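What follows is a short report on a single structure.
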Amino acid sequence: MVFLLVHADTSKPDTNKGQTVALTDTFTRNTKHSGAPAGDKHSDGGGMYLHITKAGKYWRMNYRFAGKQKTLALGVYPAVSLAEARQGRDKARKLLAQGTDPSTAKREDQRATATAAANTFELVAREFHKSKGDSWSTAYAAKWLRGLEKDLFPYVGALALATITAPVLLDALRRVEKRGAIESAHTLRQTAGQVFLYGVQTGRCERNPAPDLNGALKPVNVTHMAAILEPVKVGELMRAIDGYSGQPMTRTALALSALLFQRPGNIRQMEWGWVNVEAALMTIPSEDMKRRKHQKVNGRPHLVPLAPQALAYLAELRPLTGHGRYVFPSLRTGERPMSDNTINAALRRMGFSQDEMSAHGFRATARTLMIERMPGISADVIEAQLAHGKSGPLGMAYDRAEFMEQRRKMMLEWADYLDKLRMGGEVIQFKAA
């Protein structure tokens, strides 16, 4: 009996009557370079073949387009598998059937990918941020970028600007909303809108999806800065300030907050160099005011008339802090002004809750009582003392009235009015029968 042993070699393709047999995964993995200088080519059909050289294994496809012989690179093995190379071949054959050159289509895809990588949300946002360096204040610019770095870049920063849709942006904003930062979520929507608008203007995307999210986020509950608006309560506040047992600097800062009703930052950062005792005037430099960057550079200083009561408080404090730069220096170091929470903390210590009074509330207190209780004082004069910008696009440019004489008179009357409230005058309460 004769036994015939047949060994089937499945490690490489074979030919049958001149027809090419498709490659196999095993053959692709195991076959080696033969050493031929030009390399070895193993066909898979449809123009595709595996080209093996000393450097590696490459998928290629030969085809004809517009009467010319061309070769399309389909990838490098093993990064691109046999199955993936065949998918690339089939896609190329469909393009040929549609009259499109696969090599041209590939270059266009590569260019689009490169363009998308260069126009991600983060890169465009940083470019926009840099372009605004001359018009934004340093503090605002830092805050603007900090919000994006914390809450948007981690989720949409790497995405091409043109691919970000309203739902994608909303998903990132929902993360901020879920932690209770409702106002921050709305601010970030507006910030993202600035980036997309810049993208539209510079050809990085076709539309801005941020407006599509109008109403999608939880509404912001607007809360005004707490302020005491009743004369009787203001009298209680002034008496509490007089009896404040904490730091003398804090007591004076409280008193001047009421007398001058400037922004809390301008009070705590007040410098002795701003104070002119002889002229009874405080001059706050333009760069220290709450203004846009170009207004800080080109604007005029803000002038604050000082009533005798304000000058008296400053005279009491000068022996303590007059040797340094700041009227209210930090207790830790005289190189910085007092903390921005000092006034609010003092108000709490005196028994006024955060729902009753705040450092910023002194401004609302003054404006309200002047309008309601001090006849003859113009709202324009009060607004000038508050350093509020003029309304309208040309207001700041053409309306430069400072009302200095009226403001001097107003500040004297206001200081006297506070004295009356402190003494329990001006307001008479009657017990109910």
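Just so it is clear, none of the values below were taken in a lab; they were calculated from the coordinates. As the structure is a computational prediction, the values presented were derived from the model and not from experiment. Please note: Cβ atoms are built from the backbone with ideal geometry, for glycine as well, and neighbour counts cover all protein chains shown.
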Next on the checklist: Using a 10 Å cut-off around each Cβ, can you sort Trp274, Trp414 from fewest to most neighbouring Cβ atoms?
Outcome noted: Trp274, Trp414
Checklist entry - Say each of Thr165 and Phe403 gets a label point 7 Å from the Cα, pointing the same way as Cα to Cβ; how far apart are those two points in nm? => result 5.4
Checklist outcome for this item: Checked against a 30 Å limit on the C-alpha separation, the offending pairs among Lys178/Lys233; Lys106/Lys130; Lys57/Lys94; Lys143/Lys218 are Lys178/Lys233; Lys106/Lys130
Checklist entry - Any idea how far apart Asn276 and Lys143 come out in nm if each label point goes 7 Å out from Cα toward Cβ? => result 3.1
Next on the checklist: Output wanted: per-residue J couplings in Hz (rounded whole) for segment 162-173, from phi through Karplus 6.51 cos²θ - 1.76 cosθ + 1.60, θ = phi - 60°, x for Gly and Pro.
Outcome noted: 5, 9, 7, 9, 4, x, 5, 5, 4, 4, 5, 6
Item to check | Additional length obtainable on full extension of the chain from Leu311 to Ala55, 0.36 nm per residue less Cα span | outcome: 83.5 nm
Next on the checklist: P(r) for segment 121-213, please, calculated from all Cα pair distances in 5 Å bins and given in %.
Outcome noted: 3, 14, 27, 27, 18, 9, 2, 0
Checklist entry - For labels at Asp242 and Ala38 in the simple 7 Å Cα→Cβ model, what's the distance in nm? => result 10.8
Next on the checklist: Using only the alpha-carbon atoms, what does segment 231-422 span along each of its principal axes? Please give whole angstrom values in decreasing order.
Outcome noted: 47, 39, 34
Next on the checklist: Please list 3J(HN,Hα) in residue order for segment 146-160, calculated via the Karplus relation 6.51 cos²θ - 1.76 cosθ + 1.60 where θ = phi - 60°; whole Hz, with x for glycine and proline.
Outcome noted: 4, x, 5, 4, 7, 10, 10, 4, x, 10, 10, x, 8, 7, 4
Checklist entry - To the nearest 0.05, how large is the calculated FRET efficiency for Met374 and Thr283 if R₀ is 22 Å and r is the Cβ-Cβ distance? => result 0.30
Checklist entry - From the phi of every residue in segment 368-378, what ³J(HN,Hα) in whole Hz does the Karplus formula 6.51 cos²θ - 1.76 cosθ + 1.60 yield, where θ is phi - 60° and glycine or proline is x? => result 5, 5, 5, 5, 8, 10, 10, x, x, 8, 6
Checklist entry - Within a Cβ distance under 11 Å of Phe153, other residues only, what is the Lys/Arg minus Asp/Glu net charge? => result 0
